[in-house]
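The structure appears right after this line, and notes come after that.
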Amino acid sequence: MPYVLNPDTLGFNTKYYFDIDGEFRILRDAETEGKGIYWFEADVNNEEGLRLFTQQDEFVKSVDFYISGDTLILDETKAEGPKRYFLRINGPTAP
């Protein structure tokens with residue numbers, strides 16, 4: 001069974017906020033861990049048809065993403081990275 005990374009095993013929460021203006025923020029607990037811009041591009045190799053790109057300063061990265069109900073899946077396994085699952089919460093907007 002693979003090791004599961006979650007707030008209980010890591011000791012912190014991570015939240016991603018994607019604003020409609022193309023900006024995103026990553027919070028680790030209540031502190032900003034990163035921010036930048038995001039966009040989507042067509043990807044015929046992704047069953048959803050789109051790939052998510054993020055840019056922080058000069059660093060650009062892309063991931064396969066999937067949305068299933070209230071769950072966002074960011075899949076970096078093609079680049080030997082993690083598959084991350086995020087649950088949408090209805091609440092106040094990002095700080």
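The values are calculated or read from the model by the stated rules, or taken from the named source; none is laboratory data. The structure presented is a predicted model; accordingly, all values stated were derived computationally and were not measured. Cβ placement follows ideal geometry from the backbone for every residue including glycine, while neighbour counts extend to all protein chains displayed. The protein model used for the area step is the full one, side chains on, heavy atoms only, and it has no ligands, DNA or RNA in it. Shrake-Rupley method; radii C 1.70, N 1.55, O 1.52, S 1.80 Å.
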Could you compute the FRET efficiency for TRP39 and ARG88, with r as their C-beta to C-beta distance and R0 at 35 Å, rounded to 0.05? 0.95
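Let's see if you can work this out: charge +1 on each Lys and Arg Cβ, -1 on each Asp and Glu Cβ, no other charges. What is the dipole magnitude of the chain about its Cα centre, in debye to the nearest 20?
Values: 10 positive and 18 negative charges, 44 e Å.
The dipole magnitude comes to about 220 debye.
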Among GLN55, LEU10, ASN45 the positive-end extreme of the charge dipole of the chain (Cβ point charges): LEU10
Estimated 222 nm signal from helices in the chain, with DSSP H stretches of n ≥ 4 weighted -39500 (n - 2.57), rounded to 500: -500 deg cm²/dmol
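Accessible area per residue, 1.4 Å probe, Å², for the chain: what's the number?
On the way: 7260 Å² over 95 residues.
Heavy-atom accessible area per residue stands at 76 Å².
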Only loop residues by DSSP count here, and only those with at most 12 other Cβ atoms within 10 Å; note down the GluC sites (Glu not before Pro) in the stretch 14-85 that meet that. GLU47, GLU58, GLU80
Answer with one residue from GLY34, GLY22, PHE86: the one whose Cα lies farthest towards the positive end of the charge dipole of the chain, charges on Cβ with Lys, Arg +1 and Asp, Glu -1. PHE86
What distance in nm separates the simple spin-label points at GLU23 and LYS78, each placed 7 Å from Cα in the Cβ direction? 3.0
Among (i) 118, 53, 28; (ii) 84, 30, 28; (iii) 39, 36, 29, the entry derived from the coordinates for Cα extents along the principal axes in Å: (iii)
